[in-house]
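The values are calculated or read from the model by the stated rules, or taken from the named source; none is laboratory data. Just so you know, these numbers come straight off a predicted model, no measurement behind them. Here the Cβ is made from the backbone with ideal geometry for all residues, glycine too, and neighbour counts use every protein chain on show. In case anyone asks, the SASA skips ligands and DNA or RNA and just uses the protein heavy atoms, side chains included. Shrake-Rupley method; radii C 1.70, N 1.55, O 1.52, S 1.80 Å.
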Amino acid sequence: MIDPSFPRDLVMIGAVFGLAAFIWSGWAQEAPLDRAVFRIVLGGLSAAGLALAVPSIFLAIGSWSEPSAIATGTTAFTIYIVVVWAEIIAAAVLSFLALRSGHPEVVAPLILAIVGIHFFALAAVFAQPVLHLAGALITIIAVLAFFLPRELAAPSFWCGILGAPVLLAIGLWCLLAGRGALSAG
């Protein structure tokens, strides 16, 4: 499920997923379930996200001379740029439409769904099947967050409380695999 051919990419996935877990668990603080324990859990998820992101970033910087699946000038790099810009534009347009139509509560699930869907394209770009797993789980969580009871908590809470652990687990898996491959090489 993880291809160790490009360990620097795996380490960067760990960094990005750690940062994403930090961000989503922060957004989940918007309107969580009305119990202090959920704010503590979200704070723990945020701290775990930073604990994953920081060492991943330093390891990525230290191994920047290692090859990447998306070397500049390659088809993979071009596809990566197109996918990222398509994601940004889709998120901006759909968020604008949701806000304009008076449904700000659906912005978080929409953006999380876009993030999940874009992992499928990035799985091909980075040649990392684990990103298919991330895409499937994150997209399912986005759909669930849209339908879970809004009278209990905002959709952003459901996105963060369910999505952050997935991002942390897959990010840590990638970091450990990348670090192992760097050590072996």
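Working note: Debye formula, equal point scatterers on the alpha-carbon atoms of the chain, no solvent; log10 I(q)/I(0) at q = 0.09, 0.16, 0.18, 0.19 Å⁻¹ is -0.33, -0.97, -1.17, -1.26.
Ranking R179, R8 from most to least accessible surface, computed with a 1.4 Å probe over the protein chains only, gives R179, R8. Stretched out straight at 0.36 nm per residue, the stretch from D3 to A31 would grow longer than its current Cα-Cα span by 6.2 nm. Looking at the chain, the accessible area is 50 square angstrom per residue; that uses a 1.4 Å probe and ignores ligands, DNA and RNA. Provide the FRET efficiency to the nearest 0.05 for the I81-R39 pair, computing r from the beta carbons and using R0 = 45 Å. According to the calculation, E is roughly 0.75. Computed from backbone phi, the HN-Hα couplings of segment 38-48 come to 6, 5, 5, 4, 5, x, x, 5, 4, 4, 5 Hz, rounded to whole numbers (Karplus: 6.51 cos²θ - 1.76 cosθ + 1.60, θ = phi - 60°; Gly and Pro given as x).
Peptides 94-100, 114-120, 55-61 ranked from most to least packed by the mean count of surrounding Cβ atoms within 10 Å: 114-120, 55-61, 94-100.
Can you tell which of V107, I57, M12 lies farthest toward the positive end of the dipole of segment 1-127, using +1 and -1 charges on the Cβ of basic and acidic side chains (Lys, Arg; Asp, Glu)? The residue sitting most towards the positive pole is V107. Dividing the mean sequence gap of close Cα pairs (under 8 Å, 6+ apart) by how many residues the chain holds gives a relative contact order of 39 percent. Only the Cβ atoms of Lys and Arg (+1) and of Asp and Glu (-1) were treated as charged; on that basis the dipole of segment 33-172 about its Cα centre amounts to roughly 160 debye.
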